[in-house]
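Here's the structure, in structure tokens; my notes come after.
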Number of protein chains: 2
Amino acid sequence: MQITDEKLHYAAPVTPSTGTFSPLPLTAVQLAGGFWGDRQQLNQEAIIPHGTDWVTRLEWLGNLEKAATGERYEHRGREFADSEVYKLIEAMSWEHARTGQSDLDGTLESFINKLAAAQDPDGYLHTLFGRPWQQPRYSDFKWGHELYCFGHLIQAAVANYRATGTEKLLAVAMKLADHVCTMFGSSGLNKVCGHAEIESALVELSRLTGERRYLDQAKIFIERRGTGTLPLIEFGQAYWQDDVPVRAATVLRGHAVRALYLAAGAVDVAVETNDQELLNALKQQWHNTVARRTYITGGMGSHHMDEAFGDDFVLPPDRSYCETCAGVASVMFSWRLLLATGEAKYADLIERTLYNIVATSPAPDGRSFFYANTLHQRTSVGEAPLNEDGVCIRGGSSGREAWFEVSCCPPNVARTLASLGSYLATSDETGVQIHQYAASRIRADIISGPVELAIETDYPASGSIKVTIVEAPATPFTVALRVPDWAHGATIAAGEGVQRVAPGMATVTRSFQPGQQLLLELPMEPRFTMPDDRIDAVRGCVAIERGPEVFALESVDLPSSVALEDVLVDVSSGLTYSDGTVNLTLSTVVRTPARQSQWPFASETAASAANERIAAEVPLVRYHSWAERGASTMRIWIPARA
Amino acid sequence: MQITDEKLHYAAPVTPSTGTFSPLPLTAVQLAGGFWGDRQQLNQEAIIPHGTDWVTRLEWLGNLEKAATGERYEHRGREFADSEVYKLIEAMSWEHARTGQSDLDGTLESFINKLAAAQDPDGYLHTLFGRPWQQPRYSDFKWGHELYCFGHLIQAAVANYRATGTEKLLAVAMKLADHVCTMFGSSGLNKVCGHAEIESALVELSRLTGERRYLDQAKIFIERRGTGTLPLIEFGQAYWQDDVPVRAATVLRGHAVRALYLAAGAVDVAVETNDQELLNALKQQWHNTVARRTYITGGMGSHHMDEAFGDDFVLPPDRSYCETCAGVASVMFSWRLLLATGEAKYADLIERTLYNIVATSPAPDGRSFFYANTLHQRTSVGEAPLNEDGVCIRGGSSGREAWFEVSCCPPNVARTLASLGSYLATSDETGVQIHQYAASRIRADIISGPVELAIETDYPASGSIKVTIVEAPATPFTVALRVPDWAHGATIAAGEGVQRVAPGMATVTRSFQPGQQLLLELPMEPRFTMPDDRIDAVRGCVAIERGPEVFALESVDLPSSVALEDVLVDVSSGLTYSDGTVNLTLSTVVRTPARQSQWPFASETAASAANERIAAEVPLVRYHSWAERGASTMRIWIPARA
């Protein structure tokens, strides 16, 4: 193992050896309050402690403790309970890198010690399998989640080493990864895990350690997937992406989180093995998935039953699943493609997904979470079904709940918020690229020397982003600012007047002096957005967006006499914004008796009977802020008044 | 037990002691070919033998054989496997009544002997529970389906006795029902089955035997449901209708088949106990369910995950679940309300459901079946996932499959087709009511004497229905003919000229002479139908119907260059009908480049970009006949050209 100092300090989740843009480590990007800085603070103070409390209380951590004793124990939680502990370790590690504060209360060290003690002598580590009284190891590739848990352990170890430089967890991860290479190498078991996850973890471990065998093993898993080593189940082989080889697929399908984790790992393999064919296949999959299978919120996954993508243009707002973890995984996939290609569209989707999925999940107190993120809530969320441990047994359609039987989402939010700094900006030989806007300091080392930028903004409250050069090399370099895809009419001022800039990357190349400023102005007028006419479920409806935020109409903002289903939007009316809400003129429908008949399908004549309409003005809330004012119903897509 | 001859010969599934209309027994209604007569023939020759073959091959019948030996055995199939045997016994029994042919190959007797031998001394009969090596009896009210299976046994026994007069199965059923009364009476276990079914069975057993205790037990189960004796699960307590007492509920909710079986049983209890409050609640539930939660096909149940009703107006055509069994159960519920109230709307829904759900399920050869009945198939149905026994493990979204792991639907189709004659007509003191039109002979005994009617029609190929009086009492009586809700402009000719008749019941009262004729002409022009504007999923779409049949656009009828998603209907164009298809002018959309962007949500301006359109004429098929010509995609709701 040859870990260089540079790699140690490179506290970023994804560090490709090649690509258009290089990521910046968390140590080089500090957020200062604002939309995301506040959420990072919330993560530190509430979300992470909430998570470590729950895995302790439910004895998911206890599984690891008990496994270390060698004595018989009853496993608690689901088959992937170990992974929630690992994701929290990853989150705490990134927190260490982000804040520079060491493990103040010892939780991180305690978690790591417990899992390290539970490792078998040959490197295997899973608390549900392999002991004499348990199912044998590798007896259930469908649902066992063994390799999935290993992947999260490896990601946690990479994060921990990069953040802290301590080797204990990394040694566990390498021993585990070596075991995996032995068991599943080209002459080993011809199997893949039902849930992809380990692929990107193995590549990152290879990037950190310089050990090629981990990359090779990741490549084996990627190539093996789609060859039918998993069985055909009720949901089809597409459920675990075992229907078509990754390089032959044209769109994401099946279980959304599985599909997206797999795609992220496949990009990593393609980049490190210089496999352009594979990379092109993944770019095509991203394109088709975003053009046909993605919600306006960035949410992915239409189906509850199998937590899966729907067919093209099947994007019903009702009970849209849009699992929070799929949002996290989508960010992972897009981020890797952004680094590889430098195309701004990937950062566009990341922004949309961060604001409308990742930010939507946690409540303002950081102690309850949406698992699914529906676009249309028809009946107010009622009492959550809880099991004997007091955790919610329903992921989909629930309100924000403290913890779930399948509690993948809260720790995924935690590790994403903790590492968010690394998704804001990148560098290349010519300069620095800023992809996401937040009040922050950004440092980068480019060929001509160190660069430091100070970014002042209250985005997305306003669209003004001021970039001040704090430190700059003497020679010219480029500052590139992403102009989001929705930002038609953006301008940039760089000292010599104001220029209009089109969506994409706006670049300013020159010799900068410390103190010089760039001012990007993004147009923040609220806007109506209409769906492709092939999306049947929202035909004739409009959504309201402002900047990167999608807005929603929530029943608590309607007069009590008006039902959500009786509201139409007059798209000729103006939209005004103030203080987090968009004000909208709408029509309230008073249905004629003919429309209240016993059968809701009628001849053309009957259906055209005019309903009476009464105008009203109501505020719309930012989607990520809905369901914060008691029981309510909500819709993002609102029928347009004809 | 006092079974009168009259009851013996009353070979009908539902025989209320009171109500507006009285049912006619199968022995009094003979179908003569045509749409339904042919399907009854198919049922006799293919569907029933196919079912008895499968339950034999899979050893679901074998469970009963083995249980009789007292020796240890491995139970085959799911926890409700017994019930499929019982539904086939019911179907064979109705076949006996319908055709007058006794059990030619001995299958019926053999099945009955096997189940009778399996009964425990105290009356209990279920092959999965209660033996020393099995789970205890009544240890799983959630998923055990014990009382559910009992209900189907009782229904089979009632059918068998009414059809054949043999007492063996009836004795088994009464012993079982007595056991249930002992176990679950007012001083017994305060429990209900997770799946309602036994309620209507107990009422019918009471009707047959005159034993009040069975009715009392049914009433106990109805009153107990909704009091929270079942646990709160992921899908909510509404899943098994245990959220709200039956008499307090205003709409059907939760698992559709459970909700509909429960509602049918509750009508039976309301009628026999003269409980007008309960009956009114059920009428209200029917009204709200039909007005807000029913598909144009009559299908019920929007959700795959919990096979459940959606919220009001959640009727997505994509992956609409519309389980075949829910169609059967809906007919059961409506039929009971029709008998109780005499309102034609119940027969309207029965007709719609029979033509578009019950007739859709079986393939023309009677050897494969739709389990779910989607209204929009986006991708061609692929290979069915089969288990080691060769049965399909996926109910929803499959094509027609030979048999299912959960194979409730095929035997339900079988018992419905076998007893279909009893749903065509009724009588009351004043005369005869004809609710469904089919070439048939109908006999009824009314106060003034016997009536026999001959009905000649090729409905729904045409809308001409000729009713000839074959036998009539000397005094005046009434022939009432249902004019379906869609039949605006129907006429009736009764000798003295032609009269227009409105939807509802058209009555002709007079002294009839044998040989006299009534001619009902229903308007059979194909028509466009538009959805209530609160049904988001099909806003801006139209369906095409003709008579009681819903039509569908199937990809095999499109030019190969045209995708189903690119088709718009021009509602100003004419519709013509010939030989089972409706010919329709449609527009094929050639999308402009702006509409092929990478993100399917755009500003108002971009979205209004005109697509090029090319007119074409294509045939639409009757929905029940789709998926008979190889792999295809299909939609019922088609976007209307703006």
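The values are calculated or read from the model by the stated rules, or taken from the named source; none is laboratory data. Quick caveat, the model's predicted, so the values are computed rather than measured. A quick note on method: Cβ atoms are made from the backbone with ideal geometry, for glycine too, and the neighbour counts reach across all protein chains shown. These accessible areas exclude ligands, DNA and RNA; they are computed on the full protein's heavy atoms, side chains included. Shrake-Rupley method; radii C 1.70, N 1.55, O 1.52, S 1.80 Å.
Normalise the Debye intensity by I(0) for region B:254-391, one equal point scatterer per Cα, no solvent, then take log10 at q = 0.10, 0.11 Å⁻¹ and round to two decimals.
-0.35, -0.42
Over all directions, the average projected area of the alpha-carbon convex hull for region A:145-297 comes to how many nm²?
Approximately 9.4 nm², given one-decimal rounding.
Express in whole angstrom the spacing between the alpha-carbon centres of region A:63-123 and region A:247-306.
Value for the Cα centre distance between the two parts: 30 Å.
If the limit is 28 Å between Cα atoms, which of B:K191/B:K345; B:K142/B:K175; A:K142/B:K87; B:K142/B:K345; B:K114/B:K219 go over it?
Beyond 28 Å: B:K191/B:K345; A:K142/B:K87; B:K142/B:K345; B:K114/B:K219.
Put the label 7 Å from Cα along Cα→Cβ for B:N280; what are its distances to the other copies, in nanometres, shortest first?
Label-point separations across copies, in nm and ascending: 7.3.
Once you have the Kirkwood Rh of region B:314-441 from its Cα pairs, apply Stokes-Einstein at 25 °C and 0.890 mPa s and quote D in µm²/s.
Stokes-Einstein gives a translational diffusion coefficient of 154 µm²/s.
At q = 0.11, 0.13, 0.14, 0.19 Å⁻¹, what log₁₀ I(q)/I(0) does a Debye calculation on the Cα points of region B:414-567 give, no solvent, two decimals?
Scattering profile of region B:414-567, log10 relative to I(0): -0.55, -0.70, -0.78, -1.16.
Can you give me the accessible area per residue for chain A, using a 1.4 Å probe, in Å²?
Normalised by residue count, the accessible surface of chain A is 33 Å².
Could you tell me, in Å, what Rg and Dmax come out for the Cα atoms of the protein assembly as shown?
That works out to 33.4, 116 Å for Rg and Dmax.
Starting at the first residue of region A:122-129, write each ³J(HN,Hα) from the Karplus equation 6.51 cos²θ - 1.76 cosθ + 1.60 with θ = phi - 60°, in whole Hz, x for Gly and Pro.
Residue by residue, region A:122-129 yields 8, x, 4, 8, 7, 8, 9, 10 Hz.
Largest first, what is the accessible-area ranking of A:T27, B:T633 with a 1.4 Å probe?
The ranking, largest first, comes out as A:T27, B:T633.
Report the far tail of the P(r) of region A:265-324, meaning the percent of Cα-Cα pairs longer than 19 Å.
Value for region A:265-324: 41 percent of Cα pairs lie more than 19 Å apart.
Taking the label point 7 Å from Cα in the Cβ direction, how far apart in nm is A:S187 from each other copy of itself, listed shortest first?
Copy-to-copy label distances at A:S187, shortest first: 7.7 nm.
What percent does the relative contact order of chain A come to when contacts are Cα pairs within less than 8 Å and at least six residues apart?
With pairs under 8 Å counted, the relative contact order is 13 percent.
Say the dipole of region B:244-326 comes from +1 at the beta carbon of Lys and Arg and -1 at that of Asp and Glu; which of B:A263, B:L279, B:V290 then lies farthest toward its positive end?
Toward the positive end, the furthest listed residue is B:V290.
Mind checking the dipole of region B:281-403: about its Cα centre, +1 per Lys or Arg Cβ, -1 per Asp or Glu Cβ, Debye to the nearest 20?
It works out to roughly 380 debye.
Which shape class applies to region B:48-111: rounded if a/c is under 1.5, otherwise prolate when a/b exceeds b/c and oblate if not, where a ≥ b ≥ c are the square roots of the Cα gyration tensor eigenvalues?
Cα axes put region B:48-111 in the prolate bin.
Taking the square root of 5 times each eigenvalue of the Cα gyration tensor, what semi-axes in Å does the equivalent ellipsoid of region B:463-519 have, largest first?
Listed largest to smallest, the semi-axes of region B:463-519 are 21, 11, 10 Å.
Hey, if we sort B:E45, B:E429 by accessible area with the 1.4 Å probe, largest down, what's the order?
Output order, biggest surface exposure first: B:E429, B:E45.
Probe radius 1.4 Å, ligands and nucleic acids left out: can you give me the accessible area buried at the A-B interface, summed over both chains, in Å² to the nearest hundred?
Chains A and B together bury approximately 5600 Å².
Take every residue in peptide B:295-307, count the Cβ atoms of other chains within 10 Å of its Cβ, and give the average of those counts.
Mean shielding count: 2.
Set Lys and Arg Cβ to +1 and Asp and Glu Cβ to -1, take the dipole of the protein assembly as shown about its Cα centre, and tell me which of A:G497, A:L420, A:P548 lies farthest positive.
Farthest along the dipole direction, towards plus: A:G497.
Would you calculate, for chain B, the mean residue ellipticity at 222 nm contributed by helices, counting each DSSP H stretch of 4 or more residues as -39,500 (n - 2.57) and dividing by all residues, to the nearest 500?
The helix-only estimate for chain B comes to -10000 deg cm²/dmol at 222 nm.
Report, in debye and to the nearest 20, how large the dipole of the protein assembly as shown comes out about its Cα centre when Lys and Arg carry +1 and Asp and Glu carry -1 on their Cβ.
With Lys and Arg at +1 and Asp and Glu at -1, about 580 debye.
Rounded to the nearest 10 Å², what accessible area does A:S603 show when all protein chains are kept and the probe is 1.4 Å?
The accessible area comes out at roughly 60 Å².
Using the Cα centre as the reference, give the magnitude of the dipole from point charges on the C-beta atoms of chain A (Lys, Arg: +1; Asp, Glu: -1; all else neutral), rounded to the nearest 20 debye.
Roughly 600 debye for chain A.
How would chain B be classified by its alpha-carbon gyration tensor: rounded, prolate or oblate, with rounded meaning a/c under 1.5 and the a/b versus b/c comparison settling the rest?
Oblate, because a/c is 1.5 or more while a/b does not exceed b/c.
Take every Cα-Cα pair in region B:1-145 and report what % of them are more than 22 Å apart.
Within region B:1-145, distances greater than 22 Å cover 52 percent of Cα pairs.
How many times 2.2 N^0.38 Å is the alpha carbon radius of gyration of region A:510-642?
Dividing the Cα Rg of region A:510-642 by 2.2 N^0.38 Å gives 1.36.
Starting from a Cα-only point model with no solvent, please compute log10 I(q)/I(0) by Debye for region B:93-165 at q = 0.12, 0.27 1/Å.
-0.42, -1.26
Averaged across A:478-486, how many Cβ atoms of other chains sit within 10 Å of each residue's Cβ atom?
Mean partner-chain Cβ count within 10 Å for A:478-486: 1.
Under a 1.4 angstrom probe, counting protein chains only, how are A:C325, A:C181 ranked by accessible area, largest first?
A:C181, A:C325
Rounded to whole Å, give me the distance from the Cα center of region B:157-235 to that of region B:478-512.
When both Cα centres are located, 41 Å separates them.
Quick one: label points 7 angstrom along Cα→Cβ at B:T166, distances to the other copies in nm, smallest first?
Distances between equivalent label points, in nm: 7.9.
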